[in-house]
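Scroll down for the structure; my scribbles are underneath it.
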Amino acid sequence: MPVTEGTRPRGLLLRILPPGLYAGRASAIIERSMLSYSRGWLVFVSGVLEPLFYLVAFQIGFGRLVTEVAGPGGQPMPYVAFVAPALLAASAMNGAVFDSTFGVFFKFKYAKTYDAMLATPIGPLDVAIGEIGWAVLRGGLYAVAFFGVMNVMGLVTSPWALLLVPVALLVAFAFAAIGMACATFIRSPTQFEFVQLAVVPMFLFSTTFFPLSVFPGPLQVVIQFLPLYHGVELMRGLSVGVLDPTMAGHVAYLAALAAFGVFATSRRLAGLLLR
Amino acid sequence: MVEAKALVKRFGDFEAVRGVDVHVRRGEAFGFLGPNGAGKSSTMRMIAAVSPRSDGELKVLGMDPDRDGPRIRARLGVVPQQDNLDSELTVRQNLQVYGRYFGLSRAHVRRKAAELMGFAQLGERAEDEVEPLSGGMKRRLTIARSLVNDPELLLLDEPTTGLDPQARHLLWDRLFRLKSEGVTLIVTTHYMDEAEQLCDRLVVMDGGRIAAEGSPSELIARFSTREVLELRFPPGEQDAVVAVAGGLAQRMEVLPDRLLLYTDSGESALERAYARGVRPLSSLVRRSTLEDVFLRLTGRSLVE
Ligand SMILES: Nc1ncnc2c1ncn2[C@@H]1O[C@H](COP(=O)(O)OP(=O)(O)OP(=O)(O)O)[C@@H](O)[C@H]1O
Ligand SMILES: [Mg+2]
């Protein structure tokens, strides 16, 4: 009889959660993802390249037309430096959302991968953390590559900008968690249109390309509710080293979203698969 | 190992399992038989601690699945009715990753995967993806996967569906061996020969209830006669014979394609049938099997 570790409660999370929800083995699910992606490495290349294309396009194109805009502290900054951190936030969002909706839906609905997992000591929260954690890791990889290029292009002017990478992870975490929770509601592949319908406007209007002040008043309020807006604001401020107390609010908003997503996902998985 | 009392499973207002009592002892092979929709899989899933019971009592390995699900599942092997292999992984990775879900060390799962691929005779396909495997190969891999944690209790939901005769016999042999090593087996099946070969004790389920319980030979003795006379007729002529043949045996089942006469002596029943002018196309005298018990208990073939 081999010794199976971890069926006894250990760690805080294991003590406060109802038994059966979490076995402390989300890492095994991340291992699985690594194996399954070891053959599909091409998606990584495209994930890294896509935002870079945007960046280069802005550098060559828009950078000539619109030379300077008002930055987070009101000071003028080059337009490309204004857009770059926002693109970083958006790419963290895109990577996370697509991994956690398409990938999860397929495994959930057709491949029955999660049914197989739940027949072992693994619980729904392990699945949620493992899958979301994987999306965050991927988002992190893209963020590091993007950050490197920003550096090379001279778009990073403050040491605070080093925090862009952890913030990108937080953005990826929030979107992966919400995306996976949404994926459990999707019934057929055509409903992915709804995901697109949410992601594209968010990408365009979360002050990614223009400052909040250009939008009419009521729209400004709506935009401030968009999760990506908080990621963009956070990153833009950090990239030029303009810090202010509202940043704590942005972080809290994203963290709350992430926590809610993980909770909702594990509840949904338990409700749908363990019945 | 498993102790169920008045176990109930509801899906909405529909009762799939309606008060089932079973008691499975350590080291035995226990079977669930029953027609489609009888509630076998629903019962198995409750025992596997992946489906909360709606009512009744259930103890698996001495624990309550509602409270100790993960601890129970750590010691179970499960072969679900439908294969749910990981289509994004290779054969070897399927076994290794599954072992990791149980918290087994990498070195251990590596060794175990190699051993189990031998068991499932899939060694040559080790690095292949799962998707292009044949149905029977997938089934064998699913069965091998269920053994990755050296379970004490193995739940097999129609394990040999889709296997060729050779693979079935091989699996029976492996299951016998596991049993002799002390592993408890719970099997559902639609193959009566499988149940007769494999199970020490079994229950016949119908409509969510248990219709009978016992060892295969006990059930045959209790619900059937020593011998069975099977009579076949040309299409359309069977109906005319039913009225005449009724009194020839203790009991009669009318199947779409033949009549089954239950009697202690098939030969003498056949003689009496000829004496009454019954002229079948062909006749066969055989011993009663579990299939006869099944037909009787599930009322599948009563005169309509
Ligand atoms: N998740 C579910 N939701 C609703 N009804 C269900 C669900 N699972 C099973 N049922 C119903 O419960 C009944 C028993 O199903 P179950 O799968 O336990 O039968 P079974 O004995 O395994 O049949 P089979 O021999 O066809 O595998 C069926 O009527 C089925 O439709
Ligand atoms: Mg079934």
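The values are calculated or read from the model by the stated rules, or taken from the named source; none is laboratory data. Source: prediction; values computed, not measured. With ideal geometry, Cβ positions are generated from the backbone for all residues, glycine too; neighbour counts draw on all protein chains shown.
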Restricting attention to the range B:1-45, which residues are within 13 Å of ligand 2 (Cβ to nearest atom) and not small (Gly, Ala, Ser)?
B:Lys9, B:Val17, B:Phe32, B:Leu33, B:Pro35, B:Asn36, B:Lys40, B:Thr43, B:Met44, B:Arg45
Being within 23 Å of A:Ile129 (Cα to Cα), modelled with pLDDT under 90 and not hydrophobic (A, V, I, L, M, F, W, C): is that true of A:Gly231 here?
no
Here's a check for you: in the range B:135-150, which residue that is more than 10 Å from every other protein chain (Cβ to nearest Cβ) and in contact with a strand residue (DSSP E or B) (Cβ under 8 Å, 6 or more places away or on another chain) is farthest from ligand 2 (Cβ to nearest atom)?
B:Leu147
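Here is a yes/no grid of residues against (1) without any contact (Cβ under 8 Å) to a residue 24 or more places away in the chain; (2) touching a strand residue (DSSP E or B) at 6+ places or on another chain (Cβ under 6 Å); (3) farther than 25 Å from B:Val91 by Cα; (4) away from ligand 2 (no atom under 16 Å from the Cβ):
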residue	(1), (2), (3), (4)
B:Thr160	no, no, no, no
B:Asp164	no, no, no, yes
B:Lys179	no, yes, yes, yes
B:Cys199	no, yes, yes, yes
B:Val203	no, yes, yes, no
B:Gly207	no, no, yes, no
Go through the range A:82-130 and count every residue that is surrounded by fewer than 24 Cβ atoms within 10 Å (Cβ to Cβ) and among the charged types (D, E, K, R).
4
Taking the range A:70-104, which residues are more than 14 Å from chain B (Cβ to nearest Cβ) and either more than 30 Å from A:Phe210 (Cα to Cα) or not in a helix (DSSP H, G or I) (or both)?
A:Ala70, A:Gly71, A:Pro72, A:Gly73, A:Gly74, A:Gln75, A:Pro76, A:Met77, A:Pro78
Tell me which residues, restricted to the range A:248-275, are within 14 Å of another protein chain (Cβ to nearest Cβ) and farther than 17 Å from A:Ala128 by Cα.
A:Arg275
Condition set at the interface with chain A (Cβ under 7 Å from one of its Cβ atoms) and in a helix (DSSP H, G or I), scope the range B:82-97, selection surrounded by the fewest Cβ atoms within 10 Å (Cβ to Cβ): answer is B:Gln93
Would you be able to say whether some residue in the range A:24-36 is surrounded by 15 or more Cβ atoms within 10 Å (Cβ to Cβ), at the interface with chain B (Cβ under 9 Å from one of its Cβ atoms), basic (Lys, Arg) and part of a loop (DSSP other than H, G, I, E, B)?
yes
Any residue in the range B:1-25 that's more than 18 Å from B:Val204 (Cβ to Cβ): show its pairings with residues that are in a strand (DSSP E or B) and hydroxyl-bearing (Ser, Thr, Tyr) at Cβ separation under 9 Å, as long as the two are six or more apart or on different chains.
B:Met1/B:Thr184; B:Arg25/B:Thr184
Residue that is modelled with the highest pLDDT [pool: residues in the range B:65-81 that are surrounded by fewer than 19 Cβ atoms within 10 Å (Cβ to Cβ) and more than 7 Å from chain A (Cβ to nearest Cβ)]
B:Gln81
Every listed condition ((1) at pLDDT 90 or above; (2) in contact with a Ser or Thr (Cβ under 9 Å, 6 or more places away or on another chain); (3) more than 14 Å from ligand 1 (Cβ to nearest atom)) holds for B:Leu202 save (3)
Please pick out the residue among A:Tyr114, A:Tyr142 that is within 30 Å of A:Gln59 (Cβ to Cβ), among the hydroxyl-bearing types (Ser, Thr, Tyr) and assigned to a helix (DSSP H, G or I).
A:Tyr142
Odd one out for A:Met117 among (1) among the aliphatic types (A, V, I, L, M); (2) within 14 Å of chain B (Cβ to nearest Cβ); (3) over 26 Å from B:Glu131 (Cα atoms)
(3)
Out of curiosity, is B:Ala269 of a type in the set (Gly, Ala, Ser), in contact (Cβ under 8 Å) with a residue 12 or more places away in the chain and either in a strand (DSSP E or B) or within 16 Å of ligand 1 (Cβ to nearest atom) (or both)?
no
Please determine, by comparing only the residues of the range B:147-199 that are under 19 Å from B:Pro80 (Cβ atoms) and among the polar types (S, T, N, Q), which one is nearest to ligand 1 (Cβ to nearest atom).
B:Thr188
In the range B:119-134, is there at least one residue being among the aromatic types (Phe, Trp, Tyr), in contact (Cβ under 8 Å) with a residue 12 or more places away in the chain and either in contact with a strand residue (DSSP E or B) (Cβ under 9 Å, 6 or more places away or on another chain) or outside any loop (DSSP other than H, G, I, E, B) (or both)?
yes
Determine whether A:Ile129 is in a helix (DSSP H, G or I), away from chain B (no Cβ under 14 Å), under 20 Å from A:Ile29 (Cβ atoms) and under 15 Å from the mean Cα position of the chain (by Cα).
no
